[in-house]
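*Asks:* Got a structure for you, questions after.
Since every read-out is calculated from the coordinates, none of them should be taken as a lab result. No experiment lies behind these values; they were computed from the predicted model shown. Cβ sites come from the backbone with ideal geometry, for glycine too, and all protein chains shown count toward neighbours.
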Amino acid sequence: MRRTPRDSAESSRRMTRRGLLLGGAQIAFAGVLGLRMRHMQVDQAAEFRLMAEENRINIHLIPPSRGRIFDREGRLIAENEQTYRITMRREDAGDVEDVIGRLSALVDLRPEDVTRALEEMRTSPPFLQVTVADRVSWEAISRVAVNAPALPGVYPEVGLSRFYPQHETFAHVVGYVGPVSERDLARYEDPEPVLRIPRFQIGKVGVEAKFEEQLRGSAGAKRVEVNAVGRVMRELDRREGEAGADLQLTLDSELQDYIKARLGEESASAVVVDLEHGDVLAIASSPSYDPNKFVRGISVGDYGVLRENNHRPLASKTVQDAYPPGSTFKIVTALAALEAGLIRPDETVYCPGHMEIGSRRFHCWKRAGHGHVNLEQSLRDSCDVYYYDLALKVGIDRIAEMGRKLGLGTAPDVPMSAVTAGLMPDRDWKRRERGAEWRIGDTVNASIGQGYVLTSPLQQAIMVARVATGRSVEPRLVRSVGGLQTPSRGGTPLDIDEAHLKLIRKAMFVVSNSRRGTAYRSRIIAEDMRLAGKTGTSQVLNRVVRNQDVPWEERDHALFVNFAPYDAPRIAVSIVVEHGGGGSSTAAPIARDITLQALYKGTPPLEAYPAGDRERIKAQQERLEAERAKRAAEAGRRA
Amino acid sequence: MSYLEYTVKTVPSGWRKVLYLNWPLIILLTAVACVGFLMLYSVAGGALQPWAEPQMERFGLGLAAMFITAMVPIWLWRNLSALIYLVALALLVAVELFGAVGMGAQRWIDLGFMRLQPSELMKIALVMALAAYYDWLPMKRVSRPIWVIAPLILILAPTFLTLTQPDLGTAILLMTAGGLMMFLAGVHWAYFAVVIAAAGGGIYTVFLSRGTPWQLLKDYQFRRIDTFLDPSTDPLGAGYHITQAKIAMGSGGWTGRGFMQGTQSRLNFLPEKHTDFIFNTLAEEFGFVGGFSLLVLYVLVLLFCIVAALQNRDRYSSLLILGIGLTFFLFFAVNMSMVMGLAPVVGVPLPLVSYGGSAMLVLMIAFGLVQSAHIHRPR
């Protein structure tokens, strides 16, 4: 149909109007797009650039090598050994099963490892390296390297792992490292990224754990460019890390090793502290375990054996176990009484073998009684009644105060795991913790180191060190960190009258050197090496039976503390033999041998021993020497 | 017949028509396509394969199709409009019944030598049909309800068919382009007010249908809308695309990171980098300068169309050119809004730049129509 001119003109006018309107709107929208572009690309460019960089740049950490640990003479206690593992990359291997088949013809592969590796390769991106075998021998790695052309996608990798060349000797002090667990990560609020490196090892217990920060060092990093699925495209740059600081401990490997041999199969602990700087020369717990097993991942079976052993090889008894100190605690009670000015050393107490306090009868260990005893005799004979009498005069609070002065009741500051504070009870403590009033009987028990009082072998050594020096000696376990000496911990003079200390030291000398002393049989006769000690027997069960007649678990703990040489004290020693019976019969001989070994810095001459013992000691020395040589040879073979 | 209106003498004929082509427009289109080749070359990591070269071939084919279309007198096209529309509609129905399913949507018919996407064809066919309809319809009837319903059916039939494929992007384009064609043709304002109100209600209904058995959109379409509204809710899932696209865009800065230096696209963080999100690669590698330049090219194409339409005294030609310009605008506006995070990701390619055969060919034919209208305009 033909349009009228009017219709046509009207229609074209309207279309022009609307066309212009719509065209304008379109161009306006394009303007909006332009503005949006400008906003994103100019105003927010920096933000988006950063996000793009975060997208593409991954930081791969290079694990630092862990600081080594040495003994005081520079002998290695913990080092890093190279370990080899075999990895595979699916995309390079082609037929994975076929390559694994050829690989297993060359090296022993555990079937479960192969299954796991195949599964991992199937589920992860093809460019990811998957471990097929860990901790393979150098020979196996060499075979893989030589046959590389036949093994596409198989790569030998080198890593570092902790190794303890002295095996059992330092297990309880140094502890061990292990792979980072979820629990470890949870401990930190913001875990360092280095902890997320697969197979990265951190200290789990002992010095390894306490000095984790210093030993770890700082990780290096390389920045790599990755694509959207995580494949590494290229390395952008790399910053080398810093190795961890080396530690030098105050321990003496020779002495520690000797003690380990000397304690033998006993469930026992021994601490030797140097009096000048508080250096812990040896701190050994027996039996022990090989920390290398834990580093490699201990098998359930091996772990079960360790856990079920009633001699508790896993426990670090020197610091984490607290025992009633028994008669060794009489040193504290006596000093407290002297300091309080309540007794004179020559004052005597009559011991009929028991004492009535309130309605209860407290026995002396010697049923027949000691008769009249003064201070020195009370320690020499370890008369209990004398101390019951002191306890009544002095009261628990002053005893506890003296105990604390000598280092009891607080955890010694050593970088070991689960260090116990022991227990130095007083009235406040009992009210607070037990909700009961302190009774006089409690004081009586405490005065002879029974009842509530608990001390660890290390605390005992510190107590003796403080008595021997009059200074607030603290244990020092680490001599230097990264070459930096740690301060001496010889301490400052304690506020104890030197005359009173002298009385105690003299009495301890008498214990070991007077014919009637409880430790006379374990004396040293070398003039300038003589020791001064105190025996202790702490009851495990309250009963009156001979130790030989009860099962091992119910026998008394044998304790001995001493310092030596008497004239110019250099070391303090503390021994606990669990369920060892009597302090004088079991603990004292061990303490003497260790003391001599420490003072002579090696096998002591037989002349230091009483003439009657020399034959026996000679045999013992030879036996221990042979044992240590055998162990050393074994360790050499294992390494 | 309206071609009788023309004074045939003044309309060029034979090979002289070539001289009367709108050459600046051809140059503009080629420039846009070249931007596409460059980016396809870049996203392939500096290689002509697999995208840049086929795209060039298609553009060549498209240019040829454009010339052929341009040579045919516009009145012939007008007379064919209804037929073309019906064919396109039939193909849409066919694709619904026999089409191949790809990427979760039923979109094309495999013709052996190429995949025909009828929805692309429909974009032009609808514009042609509406232009022809309003050319035929006397002005005074344009706003009468009965004459409004007819074009509505023309629009809604293909819209519904593409929506069920499902191809939300094309459905939106068809509906918007059709509606605006009606607006251009002079339909009364009041209708549009009603439609806008109804659309509001419709969107509300669509959201209301979510989770019910008569759900109007597929789940993934709902999710796209969700993540568009708040990409941070799903930064590694569906929101990942939007987030990565925006990062690519923004990190370009003023002048970009350099040709083939865009980390987002080169390292595959950018999704669909050769099709829907190709603009982000451009913006990343050539920055604001590059992105804005392409926008300017598009606006110039648009301006050429508007000017050509308003100069043309033939009603069909004017409407057709405006409609094609509008379709072109909707393509790039929706795509750019989408990749800049202004609109949900609906799968609309960037015209002449995104890799894709049907869209390129159909657009070039459409510009052939513009050229034809230009050559055969009444003088």
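*Asks:* Using the charge dipole of the stretch A:60-249 (Lys, Arg: +1 at Cβ; Asp, Glu: -1 at Cβ; taken about the Cα centre), state which of A:248, A:109, A:163 has its Cα farthest towards the positive end.
*Replies:* Selected residue: A:248.
*Asks:* Beyond 50 Å, what share of the Cα-Cα pairs of the protein assembly as shown remains, rounded to the nearest whole percent? Each step should come with its number before you reach the end.
*Replies:* Details: 269130 of 517653 pairs.
Tail of the P(r) past 50 Å holds 52 percent of the pairs.
*Asks:* Would you be so kind as to identify which of A:62, A:311, B:157 lies farthest towards the positive end of the dipole of the protein assembly as shown, taking Lys and Arg as +1 and Asp and Glu as -1 on Cβ and the Cα centre as origin?
*Replies:* Positive-most Cα among the choices belongs to B:157.
*Asks:* Further question on the same structure: If amide H atoms are built 1.01 Å from N in the plane of the peptide, which residues on other chains or at least 5 residues away come under 5 Å of the amide H of residue A:478?
*Replies:* A:250
*Asks:* Using only Cα atoms, locate the centre of the stretch B:29-85 and the centre of the stretch B:245-311, then give the distance between them in Å, rounded to an integer.
*Replies:* Cα centroid to Cα centroid, the span is 19 Å.
*Asks:* Of the options A:172, A:197, A:221, report the single residue whose Cα projects farthest towards the positive end of the charge dipole of the stretch A:60-249 (beta-carbon charges: Lys, Arg +1; Asp, Glu -1).
*Replies:* The listed residue farthest towards the positive side: A:221.
*Asks:* Right, another one. If one computes the Cα centroid of the stretch A:116-144 and of the stretch B:341-379, what distance in Å separates the two points?
*Replies:* Rounded to whole Å, the Cα centres lie 55 Å apart.
*Asks:* Could you work out [θ]222 nm for chain B from helices alone, using -39500 (n - 2.57) per DSSP H run of at least four and dividing by all its residues? Round to the nearest 500 deg cm²/dmol. Walk me through the intermediate numbers first.
*Replies:* Details: 14 runs with 251 residues, N = 379.
Calculated from helices alone, the mean residue ellipticity at 222 nm is -22500 deg cm²/dmol.
*Asks:* Something else about it: Could you tell me the center-to-center distance, by alpha carbons, between the stretch A:29-50 and the stretch A:147-221 in angstrom?
*Replies:* When both Cα centres are located, 47 Å separates them.
*Asks:* When the Kirkwood hydrodynamic radius is evaluated over all pairs of different C-alpha atoms of the stretch B:2-375, what value in angstrom, to one decimal, is obtained?
*Replies:* On the way: mean 1/r = 0.0463 Å⁻¹.
The Cα-based Kirkwood calculation yields 21.6 Å.
*Asks:* Can you compute the helix-only [θ] at 222 nm over chain A? Use -39500 (n - 2.57) per DSSP H run of at least 4 residues, normalise by all residues, nearest 500 deg cm²/dmol.
*Replies:* On the way: 23 runs with 247 residues, N = 639.
Result for chain A, helices only: -11500 deg cm²/dmol.
*Asks:* I've got another one for you. Determine, from the Cβ-Cβ distance of residue B:27 and residue A:32 and an R0 of 22 Å, the FRET efficiency 1/(1 + (r/R0)^6), rounded to the nearest 0.05. Each step should come with its number before you reach the end.
*Replies:* Working: r = 27 Å, r/R0 = 1.22.
About 0.25, to the nearest 0.05.
*Asks:* In peptide B:249-259, how many Cβ atoms from other protein chains are near each Cβ within 10 Å, on average?
*Replies:* 5
*Asks:* Next question, about the same structure. In Å and from the alpha-carbon atoms only, list the Rg and Dmax of the stretch A:1-85.
*Replies:* Reported Rg and Dmax, both Å: 36.9, 118.
*Asks:* What residues qualify as long-range amide H neighbours of residue A:455, i.e. H under 5 Å apart, gap of 5 or more or another chain, H built at 1.01 Å from N?
*Replies:* For residue A:455, whose amide H was placed from the backbone, the distant partners under 5 Å are A:323, A:423.
*Asks:* With θ taken as phi - 60° and the coefficients 6.51, -1.76 and 1.60, list the Karplus ³J(HN,Hα) couplings across the stretch A:86-102 in order, rounded to whole Hz; mark glycine and proline as x.
*Replies:* 10, 10, 9, 10, 4, 5, 8, 7, x, 7, 4, 4, 4, 5, 5, x, 5
*Asks:* Next up: Enumerate the amide H contacts of residue A:133 below 5 Å, restricted to partners 5 or more residues apart or on another chain; note that Pro and chain-start residues carry no placed amide H.
*Replies:* A:86
*Asks:* Just rank B:189, B:214, fewest to most, by other beta-carbon atoms within 10 angstrom. Could the numbers behind the result be given before it?
*Replies:* Numbers: B:189 9, B:214 5.
Least to most surrounded, the residues fall as B:214, B:189.
*Asks:* Now for a separate question. Would you mind checking the pairs A:204/A:601; A:534/A:618; A:222/A:293; A:210/A:502; A:317/A:405; A:204/A:430 and listing those with alpha carbons more than 30 angstrom apart? Intermediate results must be reported in sequence, preceding the final value.
*Replies:* Details: A:204/A:601 32 Å; A:534/A:618 25 Å; A:222/A:293 32 Å; A:210/A:502 37 Å; A:317/A:405 23 Å; A:204/A:430 35 Å.
Over 30 Å Cα-Cα: A:204/A:601; A:222/A:293; A:210/A:502; A:204/A:430.
*Asks:* Treating only the Cβ of Lys, Arg, Asp and Glu as charged (+1, +1, -1, -1), what charge dipole size does chain A show about its Cα centre? Round to the nearest 20 debye.
*Replies:* 1680
*Asks:* Taking the Cα centre as origin and putting +1 on Lys and Arg beta-carbons and -1 on Asp and Glu beta-carbons, what dipole magnitude results for the stretch B:2-375, to the nearest 20 debye? Please report the intermediate quantities before stating the final value.
*Replies:* Details: 21 positive and 17 negative charges, 166 e Å.
With only Lys, Arg, Asp and Glu charged at Cβ, the dipole is about 800 debye.
*Asks:* Right, something else. What is the average number of partner chain Cβ atoms found within 10 Å of a Cβ in A:77-90? Each step should come with its number before you reach the end.
*Replies:* Details: counts 0, 0, 0, 0, 0, 0, 0, 0, 0, 0, 0, 0, 0, 0.
For this peptide, the per-residue mean of nearby foreign Cβ atoms is 0.
*Asks:* At 7 Å along Cα-to-Cβ for each site, give me the label-to-label distance between residue A:54 and residue B:160 in nm.
*Replies:* About 4.8 nm, to one decimal.
*Asks:* Next question, about the same structure. Dividing the alpha-carbon radius of gyration of the stretch A:60-249 by 2.2 N^0.38 Å (N being the number of residues), what value is obtained? Mind showing how you got there, number by number?
*Replies:* On the way: Rg = 18.7 Å, N = 190, 2.2 N^0.38 = 16.2 Å.
For the stretch A:60-249, the normalised Cα radius of gyration is 1.16.
*Asks:* I would also like to ask the following. Sorting A:511, A:107 on the 10 Å Cβ count, fewest up front, what's the list?
*Replies:* On the way: A:511 30, A:107 17.
Listed from fewest to most nearby Cβ atoms, that is A:107, A:511.
*Asks:* Roughly how many debye, to the nearest 20, is the charge dipole of the stretch A:455-594 about its Cα centre, given +1 on each Lys and Arg Cβ, -1 on each Asp and Glu Cβ, and no other charges? Before the final figure, lay out the partial values.
*Replies:* Details: 19 positive and 13 negative charges, 65 e Å.
Taking the Cα centre of the stretch A:455-594 as origin, the dipole is about 320 debye.
*Asks:* Continuing with the same structure: Per residue of the stretch A:481-491, what does 6.51 cos²θ - 1.76 cosθ + 1.60 with θ = phi - 60° give for ³J(HN,Hα)? Whole Hz please, x for Gly and Pro, Karplus curve as stated.
*Replies:* For the stretch A:481-491, the Karplus curve yields 10, x, x, 8, 5, 8, x, 4, 10, x, x Hz.
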